[in-house]
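Visitor: There's a structure below that I have some questions on.
The values are calculated or read from the model by the stated rules, or taken from the named source; none is laboratory data. Bear in mind that the values here come from a model prediction, so they are computed numbers and not experimental data. Every residue, glycine as well, gets a Cβ built from its backbone with ideal geometry; the counts of neighbours run over all protein chains shown. Heads up: the accessible areas ignore ligands, DNA and RNA and are worked out on the full protein's heavy atoms, side chains in. Shrake-Rupley method; radii C 1.70, N 1.55, O 1.52, S 1.80 Å.
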Amino acid sequence: MKRRDLLIGASSIATAAVIADTKLSEAKQPEVQTITPTSKSAAITGKNIQISKDLSGYYVTPAGSGKFPAVVVLMEAFGLNQWCKSICDRLAKSGFAAISPDFYRGKTYAYTDVAGAVTKLKTLNDDAIMSDVGKSLDFLAGKSEVNANGIGVIGFCMGGRYAFLTNAVYPTKIKAAISFYGGGIDANPGNPLGQKSLLDRVQAMQSPLMLMYGSEDQLIAADEHSRVAAALSKAKKRYILNLFPKAGHGFMSDRRENFSPEAEAEAWMMTTGFFSQNLKPKKQKL
């Protein structure tokens, strides 16, 4: 098998559907009901903005006008860097407004400076980060070009854990959440990063969740996948868990050594399809 995606429904792990040798491109993707760029003259342009008095970030909207669905993009442990901004730009090109809050207040770390990034990560407080996410959600809800009833969240690495938590902290403000290799969702007590397990927050979740992991991720043990899935299934939540063979931690970033073009391409198609399905207005039946 080249690809094995594990789709686990809300009923139980025992009834999980394993789909193998499937080409995502063969599946019909939902249409995004927004205006997207059609020429170089319609290219999108992102900008650094002030989300609130004490929080800055990066914001970009699709070309054209209309009420766009929107996504909050939560950064990796390396900060609000150019790669994180590029994810916002890609979402805008797919028809979504996107905003990324700067949790580090201007500080970024090179991908080679893992020690520096980890040291900074240890200083973060979950409640303070969720406050920043809340400010970002309120910013989007107040924009005339954004459909306030079609907002989602996506996060990578450290941000993947916070995307998971956002689904529990702001269950009425988002409609979908995607977590890419979110380490520490079920952190063990006394772990080196000082993280707490988030599984006791699962019951509060209301939005569909998609979890993305690499089979070769040395930072997230495989048994954590099963513990997260078990908690979600027990709480009868709607979720999907995808495992990408031969992909390591950070496989989505072309700036990192673990970049996996094949996994990245498929995962991005899943991402835009998942957001299109859950964030766009539902068509009324006649």
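Visitor: Could we say that Asp186 is touching an Asp or Glu at 6+ places or on another chain (Cβ under 6 Å), part of a loop (DSSP other than H, G, I, E, B) and either open to solvent by 10 Å² or more (accessible area, probe 1.4 Å) or under 26 Å from Phe78 (Cβ atoms) (or both) here?
Guide: Considered against the rule, which asks whether it is touching an Asp or Glu at 6+ places or on another chain (Cβ under 6 Å), part of a loop (DSSP other than H, G, I, E, B) and either open to solvent by 10 Å² or more (accessible area, probe 1.4 Å) or under 26 Å from Phe78 (Cβ atoms) (or both), Asp186 comes out as yes.
Visitor: Name the residue that is modelled with the lowest pLDDT, counting only residues in region 213-224 that are in contact with a Leu (Cβ under 9 Å, 6 or more places away or on another chain) and open to solvent by 20 Å² or more (accessible area, probe 1.4 Å).
Guide: Top of the filtered list is Ala222.
Visitor: Restricting to region 160-190, and then to whatever is within 19 Å of Tyr213 (Cα to Cα) and polar (S, T, N, Q), can you tell me which residue is modelled with the lowest pLDDT? So that I can check it myself, show each step before the final result.
Guide: First pass over region 160-190, keeping only residues within 19 Å of Tyr213 (Cα to Cα): 160-167, 176-188.
From the residues that got through so far, the ones that are polar (S, T, N, Q) too are 166-167, 179, 188.
Working: Thr166: 98, Asn167: 98, Ser179: 98, Asn188: 90.
So, considering only residues that are within 19 Å of Tyr213 (Cα to Cα) and polar (S, T, N, Q), the one modelled with the lowest pLDDT is Asn188.
Visitor: Further question: In this structure, is Lys107 at pLDDT below 95, part of a loop (DSSP other than H, G, I, E, B), farther than 20 Å from Met252 by Cα and of a type in the set (D, E, K, R)?
Guide: No, not satisfied.
Visitor: Report, by residue number, each residue of region 163-183 that is open to solvent by 10 Å² or more (accessible area, probe 1.4 Å) and either in contact (Cβ under 8 Å) with a residue 40 or more places away in the chain or assigned to a loop (DSSP other than H, G, I, E, B) (or both).
Guide: Once the filter is applied, which keeps residues that are open to solvent by 10 Å² or more (accessible area, probe 1.4 Å) and either in contact (Cβ under 8 Å) with a residue 40 or more places away in the chain or assigned to a loop (DSSP other than H, G, I, E, B) (or both), region 163-183 yields Tyr170, Pro171, Thr172, Lys173, Lys175, Gly183.
Visitor: Please go through region 65-113 and pick out each residue that is open to solvent by less than 10 Å² (accessible area, probe 1.4 Å) and among the polar types (S, T, N, Q).
Guide: Scanning region 65-113 gives a single hit, Ser100.
Visitor: A further question on this structure: Regarding region 192-215, can at least one residue be identified that is closer than 17 Å to Thr166 by Cα and acidic (Asp, Glu)?
Guide: Checked region 192-215: at least one residue is closer than 17 Å to Thr166 by Cα and acidic (Asp, Glu).
Visitor: So which residues in region 143-160 are farther than 11 Å from Lys173 by Cα, surrounded by fewer than 24 Cβ atoms within 10 Å (Cβ to Cβ) and out of contact with any Pro (no Cβ under 6 Å at 6 or more places or on another chain), if there are any at all?
Guide: Here is the first cut: in region 143-160, the residues farther than 11 Å from Lys173 by Cα are 143-147, 154-160.
Applying the additional criterion that residues be surrounded by fewer than 24 Cβ atoms within 10 Å (Cβ to Cβ) yields 143-147.
The answer is Lys143, Ser144, Glu145, Val146.
Visitor: Hey, among Arg255, Arg201, which residue is at pLDDT below 95 and either within 20 Å of Ile87 (Cβ to Cβ) or open to solvent by 70 Å² or more (accessible area, probe 1.4 Å) (or both)?
Guide: The match here is Arg255.
Visitor: Then there's this: Looking only at region 240-252, which residues are under 17 Å from Ala176 (Cα atoms) and either open to solvent by less than 10 Å² (accessible area, probe 1.4 Å) or more than 16 Å from the chain's Cα centre (by Cα) (or both)?
Guide: Those that are under 17 Å from Ala176 (Cα atoms) and either open to solvent by less than 10 Å² (accessible area, probe 1.4 Å) or more than 16 Å from the chain's Cα centre (by Cα) (or both): Leu241, Asn242.
Visitor: Further question: Quick check: is even one residue across region 54-64 hydrophobic (A, V, I, L, M, F, W, C), in a loop (DSSP other than H, G, I, E, B), at pLDDT 50 or above and open to solvent by 30 Å² or more (accessible area, probe 1.4 Å)?
Guide: No, region 54-64 contains no residue that is hydrophobic (A, V, I, L, M, F, W, C), in a loop (DSSP other than H, G, I, E, B), at pLDDT 50 or above and open to solvent by 30 Å² or more (accessible area, probe 1.4 Å).
Visitor: I would also like to ask the following. Out of Leu140, Leu193, I need the residue that is open to solvent by 40 Å² or more (accessible area, probe 1.4 Å) and either in a helix (DSSP H, G or I) or not basic (Lys, Arg) (or both). Which one?
Guide: Criteria check complete, one pass: Leu193.
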